[in-house]
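Colleague: This is the structure I have questions about; it appears just below.
The values are calculated or read from the model by the stated rules, or taken from the named source; none is laboratory data. Note that the coordinates shown come from a computational prediction; the quantities given were computed from them, not determined experimentally. Don't worry about glycine lacking a Cβ; one is built from the backbone with ideal geometry, like all the others, and counts go over all protein chains shown. SASA here: full protein model, heavy atoms, side chains in, ligands and nucleic acids out. Shrake-Rupley method; radii C 1.70, N 1.55, O 1.52, S 1.80 Å.
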Amino acid sequence: MPTLAVAAAIFRSSPKLRSFSSLSKIMDNVTPPKPGFRAASSFVYDKAFVNGEWVAASSGKTFEVLNPANGKLIGSVPDMDATDTENAIKVAYKAFQSWKETTAKERSALLRRWGELMVENKEELSKLLTTEMGKPLAESAGELGYGAGFLELFAEEAKRVEGDIIQTPIKTRRLLVLKQPIGVSGMITPWNFPSAMITRKAGAAIAAGCTVVLKPAEDTPYSALALCELAKEAGIPPGVLNVVTCSRDNASQVGRALCESPLVTKMSFTGSTVVGKLLLQQCASTVKKVSLELGGNAPFIVFQSADVDAAVQGAMGAKFRCSGQTCVCANRIYVHESIYDEFVQKLAATVEKDLKVGDGIAPGTTQGPLINKKAVEKIEAHVQDAVTKGAKVVCGGKSKGGNFFEPTVLSEVTGDMRCSKEEIFGPIAGILRFKTEEEVVGLANATSSGLAGYFYSRDLGQIWRVAERLESGLVGVNEGVISVPDAPFGGWKESGLGREGGRYGIDEYLEMKYVCMGGLN
Ligand code: SIN
């Protein structure tokens with residue numbers, strides 16, 4: 001199985017697909033959706049979702065969403081503003097008063113059903129996701145399985161939120177710890193995982209008894225709106241999940257409204273470090289609890305003892321999944337000098353053999369378009385900067401027109417190049433040389449980011465040493481694709497705050513309360 005198909009399969013759960021007749025509508029991207037309705041059965045909605053209703057922006061304004069593979073219009077959705085956001089927050093606050101009183105068992109059943117509906121509709125949702133985001137269909141299906149996995153996980157975790165009874169130091173008292181939902185949770189989600197980042201956040205919040213106001217990325221609102229329809233179908237009550245869509249122009253006022261509202265007590269954001277820092281400042285005004293999943297600059301180290309073929313396969317997944325557009329993508333590939341030439345040659349050969357650039361909808365595509373023209377320009381600038389400073393293009397290196405870029409391997413990369421210092425977020429594998437473990441661990445940690453790190457080694461002592469010394473929230477040892485719903489995801493240093501997923505993810509949406517019962521004889 002090609003490497004990226006393996007990566008996608010890791011996220012996949014067993015499909016139970018419902019068949020639909022009009023998939024060609026989404027794929028043509030030209031049929032405007034009916035107002036507030038699922039167009040035929042295609043999950044394309046043209047309204048935002050507040051209080052269980054499909055609603056327009058109060059201004060009546062809309063913005064266009066384009067397919068990154070061909071620039072064609074998919075449709076238009078409401079361009080909401082701060083007033084619309086404040087209205088959605090009030091709705092979520094009202095809904096919270098009753099939602100927090102539901103039992104964990106009730107919330108669990110609804111979340112489970114929501115996840116099942118994602119799986120039942122996976123085929124159609126995957127096509128929608130590929131159409132608005134660009135990733136190949138197999139990866140979209142993988143994301144849908146991954147996303148549904150968070151709902152299954154949090155359906156289970158809802159029932160495991162437990163308090164404590166503490167040994168009392170005073171005989172006449174009993175000391176208890178309660179865990180209670182934190183309240184209305186604001187969320188801003190990214191375009192690279194338009195479905196799974198929603199369920200990773202909203203699944204945890206809803207399981208805990210919180211209500212949600214969520215702004216999806218302007219490039220990918222349709223997957224978010226499709227999830228609203230499925231949440232409604234699953235029976236999640238009005239006001240518990242609200243999605244406010246807006247353009248890039250209105251994003252800062254919508255974000256500010258979420259961060260500064262006193263009714264919102266929790267904020268969760270996935271996106272760039274620059275924006276994360278801004279939101280954190282805005283949240284300070286109301287001292288909100290904040291979760292941030294920000295940028296990375298992941299080292300991928302291949303030690304002398306590594307199985308080079310396995311390391312090449314790992315690098316394929318870690319680097320080229322989602323055309324290099326994940327925050328856990330390998331950013332700096334360090335290879336021991338003794339196996340450097342072999343690794344470079346094998347990686348380039350595998351890239352040329354296994355990767356096919358094209359529209360994600362087309363069979364056989366493994367590398368979809370980048371999200372937009374600006375992303376392509378950034379990748380071009382990275383290649384040019386590296387070549388000017390002495391790197392060699394082993395394969396790829398050029399734009400292929402539109403938003404497409406050739407998967408690229410660069411050798412003789414050094415630490416002063418942009419592709420080593422900045423998050424690439426595109427399909428460039430830059431390969432650096434190292435001599436010693438101490439040197440490479442130092443280099444790996446010499447960054448303000450700390451999201452993911454990977455290494456390949458067959459030396460057990462080295463495996464423990466390096467796993468413990470890497471300064472990152474996630475470490476892949478002899479594995480290049482490590483994200484699963486069951487494990488905690490989050491970064492150290494400027495890569496973020498808090499954890500999502502796993503049994504830890506629900507804690508972000510809970511407050512602890514100490515109750516002292518006195519006067520007991
Ligand atoms: C991300 O890039 O934001 C998420 C990647 C993942 O969950 O693997």
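Colleague: Which of (1) away from the ligand (no atom under 15 Å from the Cβ); (2) of a type outside the set (S, T, N, Q); (3) not in a helix (DSSP H, G or I) is the odd one out, the single condition CYS228 does not satisfy?
Modeller: All conditions pass for CYS228, except number (3).
Colleague: Kindly check whether there is at least one residue in the stretch 344-359 that is crowded, with 22+ Cβ neighbours inside 10 Å and either within 16 Å of the ligand (Cβ to nearest atom) or of a type in the set (D, E, K, R) (or both).
Modeller: Within the stretch 344-359, not a single residue is crowded, with 22+ Cβ neighbours inside 10 Å and either within 16 Å of the ligand (Cβ to nearest atom) or of a type in the set (D, E, K, R) (or both).
Colleague: What do you reckon, is PHE49 crowded, with 24+ Cβ neighbours inside 10 Å, aromatic (Phe, Trp, Tyr) and either assigned to a strand (DSSP E or B) or out of contact with any helix residue (DSSP H, G or I) (no Cβ under 6 Å at 6 or more places or on another chain) (or both)?
Modeller: Yes.
Colleague: Hey, can you tell me all the residues within the stretch 376-405 that are closer than 22 Å to GLU352 by Cα and within 25 Å of the chain's Cα centre (by Cα)?
Modeller: The answer is VAL376, ILE379, GLU380, HIS382, GLY402, ASN403, PHE404, PHE405.
Colleague: I would also like to ask the following. Which of the residues that make up the stretch 216-259 are over 19 Å from SER195 (Cα atoms) and surrounded by 18 or more Cβ atoms within 10 Å (Cβ to Cβ)?
Modeller: GLY239, ASN250, VAL254, GLY255, ALA257, LEU258, CYS259
Colleague: Ok, one more. Kindly check whether there is at least one residue in the stretch 471-481 that is farther than 18 Å from VAL302 by Cα, touching a residue at least 40 places away in the same chain (Cβ under 8 Å), in a loop (DSSP other than H, G, I, E, B) and open to solvent by 20 Å² or more (accessible area, probe 1.4 Å).
Modeller: no
Colleague: Going by the structure shown, is GLY461 more than 17 Å from the chain's Cα centre (by Cα), of a type outside the set (Ser, Thr, Tyr) and within 12 Å of the ligand (Cβ to nearest atom)?
Modeller: no
Colleague: Right, another one. Filtering the stretch 482-520 down to residues that are within 15 Å of the ligand (Cβ to nearest atom) and of a type in the set (Phe, Trp, Tyr), which residue is most open to solvent (accessible area, probe 1.4 Å)?
Modeller: TYR504
Colleague: Now, a different point. Does THR366 meet the test of being closer than 30 Å to PRO488 by Cα and open to solvent by 10 Å² or more (accessible area, probe 1.4 Å)?
Modeller: So THR366 fits the description; yes.
Colleague: Whether any residue in the stretch 208-219 is closer than 26 Å to ILE482 by Cα, within 16 Å of the ligand (Cβ to nearest atom) and part of a helix (DSSP H, G or I) is what I want to check.
Modeller: No, the stretch 208-219 contains no residue that is closer than 26 Å to ILE482 by Cα, within 16 Å of the ligand (Cβ to nearest atom) and part of a helix (DSSP H, G or I).
Colleague: Looking at the stretch 257-270, is at least one residue touching a Ser or Thr at 6+ places or on another chain (Cβ under 8 Å), among the basic types (Lys, Arg), away from the ligand (no atom under 16 Å from the Cβ) and at negative phi?
Modeller: Yes, there is a match, as at least one residue in the stretch 257-270 is touching a Ser or Thr at 6+ places or on another chain (Cβ under 8 Å), among the basic types (Lys, Arg), away from the ligand (no atom under 16 Å from the Cβ) and at negative phi.
Colleague: One residue is enough: does the stretch 298-320 have a residue meeting the conditions surrounded by 21 or more Cβ atoms within 10 Å (Cβ to Cβ), among the basic types (Lys, Arg) and either within 16 Å of the ligand (Cβ to nearest atom) or on the phi > 0 side of the Ramachandran plot (or both)?
Modeller: Within the stretch 298-320 (the criterion being surrounded by 21 or more Cβ atoms within 10 Å (Cβ to Cβ), among the basic types (Lys, Arg) and either within 16 Å of the ligand (Cβ to nearest atom) or on the phi > 0 side of the Ramachandran plot (or both)), the answer is yes, since at least one residue qualifies.
Every residue, every condition in (1) away from the ligand (no atom under 16 Å from the Cβ); (2) modelled with pLDDT of 95 or more; (3) more than 26 Å from ALA138 (Cα to Cα), yes or no:
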| position | (1), (2), (3) |
| --- | --- |
| ALA330 | no, yes, no |
| TYR340 | yes, yes, yes |
| ILE371 | no, yes, no |
| VAL393 | yes, yes, yes |
| LYS398 | yes, yes, no |
| ALA429 | yes, yes, no |
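Colleague: What are the residue pairs meeting all of these: first residue in the stretch 128-153, first residue under 30 Å from GLU106 (Cα atoms) and within 15 Å of the ligand (Cβ to nearest atom), second residue among the hydrophobic types (A, V, I, L, M, F, W, C) and outside any helix (DSSP H, G or I), Cβ atoms under 7 Å, and 6 or more apart or on different chains?
Modeller: Cβ pairs passing all conditions: GLU143/PHE193.
Colleague: Looking at PHE320, PHE303, PHE343, which is the one that is of a type in the set (Phe, Trp, Tyr) and within 23 Å of LEU144 (Cα to Cα)?
Modeller: That would be PHE320, the only listed residue that is of a type in the set (Phe, Trp, Tyr) and within 23 Å of LEU144 (Cα to Cα).
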